[in-house]
Amino acid sequence: MLRIKLGKFLDSLTMLYIGANRKINEIKEDEDAMEIIQVVMIIAVGVLAIVAVWAGINGFLEDLWDKITGSGATSMDGPTIG
């Protein structure tokens with residue numbers, strides 16, 4: 001009795017392993033899935049590049065705007081009349 005149950009349990013584990021292995025190989029060989037992964041990665045790299053550029057020029061743009069509008073502390077302090 002125990003031997004039969006153990007055999008069925010091992011058979012079910014073997015079938016689970018074979019099914020999972022087949023699914024993994026199917027995903028690996030599916031070109032459409034790989035294209036989707038590539039597109040997602042390209043979009044992620046593009047977003048990271050935009051964020052990096054924005055972080056780099058954000059302070060520069062604020063300084064430039066302050067110089068143009070004359071607000072805030074600027075490095076263009078001229079002589080004071082007073």
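Quick notes
- Estimated purely from DSSP H runs of n ≥ 4, each contributing -39500 (n - 2.57), the mean residue ellipticity at 222 nm for the chain is -30000 deg cm²/dmol once divided by its residues.
- Cα long-axis angle, helix 2-29 against the chain (0 to 90 degrees, to the nearest 10): 40
- Here the Karplus relation 6.51 cos²θ - 1.76 cosθ + 1.60, evaluated at θ = phi - 60°, turns the backbone of segment 57-69 into coupling constants of 9, 4, x, 4, 5, 5, 4, 5, 5, 4, 5, 5, 8 Hz, with x for every Gly and Pro.
- Distribution of pairwise C-alpha distances over the chain, 10 Å bins, in %: 14, 16, 14, 13, 12, 10, 8, 6, 4, 2, 0
All of the numbers you see were taken from the coordinates with simple rules; none came from a lab. Predicted, not measured: the structure shown is a model, and the values here were computed from it.
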